[in-house]
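The values are calculated or read from the model by the stated rules, or taken from the named source; none is laboratory data. Keep in mind it's a predicted model, so treat the numbers as computed, not measured. A quick note on method: Cβ atoms are made from the backbone with ideal geometry, for glycine too, and the neighbour counts reach across all protein chains shown.
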Amino acid sequence: MNINKIAYSAFVAFVASLATLVSIQALSSSDRDAADDDALDPITLEELAEHDGAESCWKAIHGRVYDITDYVPDHPTDEEVILEWCGRESTEGWDNKRPGVPHSPRAEGMLEAYLIGRLVDEEGEPIEPGAAAQAEEGEAAAGEADSDTVRLSPAEDERLHRALLGLPLDGRYRGVFGDGGEMQVNVQFDLRDGRLSNISYRHLAYRGEDYRRLDEDDDLFPVWAQHQQLAEALEGQPLTAIFALYEPERLAEDIDGYSGATLRGNKVHSAFRDALNRGVYSWP
């Protein structure tokens with residue numbers, strides 16, 4: 001009995017020691033991260049915004065700024081997908097490679113090679129991701145607003161109304177559908193008063209075949225034509241019409257056994273939903 005008590009006491013002491021070591025390690029790691037951030041060059045949102053294209057692409061992720069210009073040509077998806085986040089606070093895109101799915105630890109390790117600074121406000125204080133996004137929107141609104149513009153009250157602000165009701169805001173949206181590491185659909189559309197307009201495909205491919213580049217005599221050209229019919233059928237329709245994409249034969253003509261197996265309206269629907277999850281890409 002005494003031996004059992006001694007063994008149990010020794011085990012408890014071992015576990016407590018291990019927990020202490022883990023805590024110390026975590027605190028030390030946190031201190032090192034803070035110290036490392038303090039040593040980084042401070043970069044403001046204004047400076048970040050100057051690097052918003054393929055020739056110079058900077059992204060802010062979780063308070064740190066990365067110059068990924070050299071990596072843009074090697075990114076596995078269409079170049080336009082990654083360029084959307086250049087010159088911006090990009091934590092949302094990083095944490096949602098697909099809705100709710102962040103980039104992998106391997107990608108995170110690769111990212112560190114491009115670290116150049118830390119994101120700060122005009123006073124040199126660190127900016128949290130959420131605050132950075134709000135600051136970007138505020139600067140954009142301030143740049144567009146005239147000094148004599150009458151400011152709307154919350155009761156008169158249509159955007160605020162729609163946001164409070166959980167309705168999509170008016171604006172331009174972009175979303176993608178990918179499978180097996182391959183982007184297959186990249187759709188862009190505008191919302192105006194809850195109706196769809198200016199629908200287009202920025203990317204449409206399957207197994208390396210770019211449908212947008214097919215000639216009219218190509219065997220798969222009808223599939224591209226049918227995807228265009230999907231977009232045309234949705235023009236001017238309420239946003240809820242995207243659910244008809246689950247039955248593409250309702251929107252596109254000449255659905256036969258061959259092309260019907262290839263025309264996947266659910267992929268287009270998923271790209272629309274991804275766009276809505278990402279939020280407004282640009283304001284009207």
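Taking the range 192-206 as the range and being surrounded by 12 or more Cβ atoms within 10 Å (Cβ to Cβ) and over 16 Å from Gly175 (Cα atoms) as the test, the residues that pass are Arg192, Gly194, Arg195, Tyr206. Listed by first and then second residue, the pairs with beta-carbon distance under 9 Å, at least 6 apart or on different chains, first residue in the range 64-77 and in the same structural domain as Leu115 (by TED's automatic domain parsing) and in a loop (DSSP other than H, G, I, E, B), second modelled with pLDDT under 85 and surrounded by 10 or more Cβ atoms within 10 Å (Cβ to Cβ), are Ile68/His75; Ile68/Ile82; His75/Val81; His75/Ile82. Of the set (1) within 24 Å of Ala205 (Cα to Cα); (2) touching a Ser or Thr at 6+ places or on another chain (Cβ under 8 Å), all apply to Val101 but (2). When restricted to residues that are in a loop (DSSP other than H, G, I, E, B) and in contact (Cβ under 8 Å) with a residue 24 or more places away in the chain, the range 44-63 contains 5.
Here is a yes/no grid of residues against (1) modelled with pLDDT of 90 or more; (2) within 18 Å of Gly175 (Cα to Cα):
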{"residue": "Val223", "(1), (2)": "no, no"}
{"residue": "Ala231", "(1), (2)": "yes, yes"}
{"residue": "Gln237", "(1), (2)": "yes, no"}
{"residue": "Leu245", "(1), (2)": "yes, yes"}
{"residue": "Ser259", "(1), (2)": "no, no"}
{"residue": "Asn266", "(1), (2)": "yes, yes"}
{"residue": "Asp274", "(1), (2)": "yes, yes"}
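Only one of Glu182, Glu209, Glu249, Glu253 is within 22 Å of the chain's Cα centre (by Cα), surrounded by fewer than 17 Cβ atoms within 10 Å (Cβ to Cβ) and not assigned by TED's automatic domain parsing to the domain that holds Arg88. Can you tell me which? After applying the criteria, what remains is Glu182. Residue count for the range 199-240 satisfying the condition of being hydrophobic (A, V, I, L, M, F, W, C) and under 18 Å from Val81 (Cα atoms): 3.
Go through the range 45-79 and report how many residues are hydrophobic (A, V, I, L, M, F, W, C) and touching a Cys at 6+ places or on another chain (Cβ under 6 Å). Selection size over the range 45-79: 3.
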